[in-house]
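Enquirer: What follows is a structure written as structure tokens; I'll ask about it next.
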Amino acid sequence: MNMDSGYPIIVVGGGAAGMMAACAAAGEGAKVLLLEKNDKLGKKIYITGKGRCNYTNCCETEDFFRHVPCNPRFLYSSIYGFDPRAVMDWFEARGLKSAVERGNRVFPASSHASDVTRTLEKELKHLHVEIRLNCEVRELLREEGTERRVSGVRLGTGEILRAKAVILATGGMSYPSTGSTGDGYRFASSAGHQITELSPSLVPITAAEADIPKMQGLSLKNVRFLVRDGRKILFDDFGEMMFTHFGVTGPLILSASADLQKQIGRKPLSAEIDLKPALSEEKLDQRVIRDFELSSNKVFRNAISGLYPSRMQPVIIDRSGIPAEKAVHDITKAERTELIRVTKHFSLTLTGLRGFQEAVITHGGVSVKEVDPSTMESRILPGLYLAGELLDVDAYTGGFNLQIAWATGHAAGTAAAEKICRN
Ligand SMILES: Cc1cc2nc3c(=O)[nH]c(=O)nc-3n(C[C@H](O)[C@H](O)[C@H](O)COP(=O)(O)OP(=O)(O)OC[C@H]3O[C@@H](n4cnc5c(N)ncnc54)[C@H](O)[C@@H]3O)c2cc1C
């Protein structure tokens, strides 16, 4: 077996958190080796923000934590230490111009995710970080005995690389084709870390109703989505969603999936879409009456085109129970009331989440109770640092997850380098 003389710091995983950790550590003057199992760095970054990379969210830092449903307190120190403004400044100082869009979402001005990766690659090169691609880490090594600490990694080839500090930034399990196949959970667990239950999050949701696939591809803007468990409201928000062959997706649904982690899949959940949230039932009834008056000689089927998108009309007709060929002037008040009810409370039965293949992030991960929030160092194995999606933290869409990767990576890299330079 091949042994080398050792590196001060090894970073495992060349995604957002790993590249930032390597830059931060090398920026502090440490010699850093970055190991990535893909043939290129930042494979996931290329597909973020639909290829445009929503790389942070420039909301006020205090507001940031409202967008983090899972373990926000753990992030206080790292986010305040490298907040969205600092991230934007960091990229801009290295030549990446940014553009701020609706909801404080920050993108590269070029709209190319590849420019984010390129900026990081340039900085890694500038700081003389040694990079090994096609290099899969198989095992985390440690010294036992009186001074229990991390000692390096073993590669897939069997080669052993010694290090004083190892930063694990191997990501979660979502979109495994990008390289995030959950290896880091195994490494952290072998060091004695607890891994909380893992599940896909920011992910489409399956629905039971047979009429949903008929609307596949139909996108709805400005609707309200409400999910209940009995009388308890589990999710209630407005936004954009889309029907698919299995259920529902889109930004509003992805956010719901994050909030329904504990309940969904265990039993069917009742949900409803308010298709006209800007109108009260009374106002909607007046609008329907007006539309019906203008179409009084038409049949029901031909009188609702102004109210619903075409792909939805047959479903609404079925659900309202009003015969499609009924003359509009014959529609009764009770029938109209039912049409209003179907429109304001379009019901769905949510049966579960789609899988990791389709999830934007992984919910769960290395328990944050065992990680120092200001340095990201393991409280269990000295010299081991953990950053990014591998940790049990996750946020809603909007640039918050990448911000978590930058901030935790930056904290880990800085702290690991400072400790090594001190000793
Ligand atoms: C489709 C999609 C769109 C997204 N859009 C956005 C967005 O616009 N904004 C946003 O904030 N977030 C977005 N996210 C989430 C964001 O991409 C992640 O939260 C972020 O990339 C996590 O960074 P990470 O460095 O922790 O993990 P990753 O980016 O997953 O990087 C981990 C790296 O480690 C490598 N690795 C794993 N195991 C090993 C091993 N054994 N040896 C060597 N290397 C290894 C992997 O190959 C990978 O390159 C999106 C996610 C997806 C899937």
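Enquirer: Based on DSSP H runs of at least 4 residues, each adding -39500 (n - 2.57), what is the mean residue ellipticity at 222 nm of the chain after dividing by all its residues, to the nearest 500 deg cm²/dmol?
Expert: My calculation for the chain gives -8500 deg cm²/dmol from helical runs alone.
Enquirer: List residues of segment 335-373, by number, whose backbone nitrogen lies under 13 Å from a label position 7 Å along Cα→C-beta of Ser296.
Expert: none
Enquirer: Loop-only check: which GluC sites (Glu not before Pro) in segment 158-259 are DSSP coil with at most 12 other Cβ within 10 angstrom?
Expert: Those satisfying the criteria are Glu197.
Enquirer: Cβ neighbours within 10 Å, averaged per peptide: list 339-349, 318-328 in order, most packed at the top.
Expert: In decreasing order of mean packing, 339-349, 318-328 become 339-349, 318-328.
Enquirer: Tell me which residues come under 5 Å, amide H to amide H, from Asp237 once H is placed; ignore anything under 5 positions away on its chain.
Expert: Phe225
Enquirer: Is there a pair in Lys43/Lys369; Lys267/Lys369; Lys97/Lys122; Lys31/Lys125; Lys43/Lys122 whose C-alpha atoms are over 19 Å apart, and which pairs would that be?
Expert: Beyond 19 Å: Lys43/Lys369; Lys267/Lys369.
Enquirer: Would you mind putting 94-104, 400-410 in packing order, based on average other-beta-carbon counts within 10 Å, highest first?
Expert: 400-410, 94-104
Enquirer: Could you check the spin-label model distance between Gln194 and Lys221? Points 7 Å from the Cα along Cα→Cβ, value in nm.
Expert: 4.6 nm
Enquirer: About the Cα centre of the chain, how large is the charge dipole given +1 on each Lys and Arg Cβ and -1 on each Asp and Glu Cβ? Please answer in debye to the nearest 20. Don't skip to the end; give the middle numbers.
Expert: On the way: 53 positive and 50 negative charges, 83 e Å.
Taking the Cα centre of the chain as origin, the dipole is about 400 debye.
Enquirer: Could you calculate the contour length gain from Lys125 to Thr332, that is, 0.36 nm times the residue separation minus the distance between their Cα atoms, to one decimal place in nm?
Expert: The Lys125-Thr332 span can extend by a further 67.2 nm.
Enquirer: To continue, here is another question. log10 I(q)/I(0), Debye, Cα-only the chain, no solvent, q = 0.09, 0.11 Å⁻¹?
Expert: So the normalised log intensities work out to -0.62, -0.82.
Enquirer: Using only the Cα atoms of segment 204-354, what are the Rg and Dmax in Å?
Expert: Calculated on Cα positions, Rg and Dmax stand at 15.9, 51 Å.
Enquirer: Using alpha-carbon pairs under 8 Å, 6+ residues apart, how would you state the relative contact order of segment 165-211 in percent?
Expert: The normalised contact order for segment 165-211 reaches 24 percent.
Enquirer: For a Förster distance of 56 Å, can you work out the FRET efficiency between the beta-carbons of Arg102 and Glu147, rounded to the nearest 0.05?
Expert: After rounding, the FRET efficiency stands at 0.60.
Enquirer: Starting from 0.36 nm per residue, how many nanometres of slack lie between Arg341 and Arg231 once their C-alpha separation is accounted for?
Expert: Value of the extension gain: 37.8 nm.
Enquirer: Ok, one more. Tell me, what is a quarter of the convex hull surface for the C-alpha atoms of segment 285-344, in nm² with one decimal?
Expert: The number I arrive at for segment 285-344 is 3.4 nm².
Enquirer: Consider just the alpha-carbon atoms of segment 1-57 and return their Rg together with their Dmax, both in angstrom.
Expert: For segment 1-57, the Cα radius of gyration and maximum Cα-Cα distance read 13.9, 46 Å.
Enquirer: Pairs of Cα atoms under 8 Å, at least six residues apart: use those to get the relative contact order of segment 204-354, whole percent.
Expert: Result for segment 204-354 is 32 percent.
Enquirer: Return a whole-number percent for the relative contact order of the chain, with Cα pairs under 8 Å and 6 or more residues apart as the contact set.
Expert: On the way: 983 pairs, mean separation 110.3, N = 423.
It rounds to 26 percent for the chain.
Every read-out reported here was derived from the displayed coordinates using simple, explicitly stated rules and does not represent laboratory data. Note that the structure is a prediction, hence the values are computed from the model and not measured. FYI the Cβ positions are ideal-geometry reconstructions off the backbone, even for glycines, and counts take in every protein chain you see.
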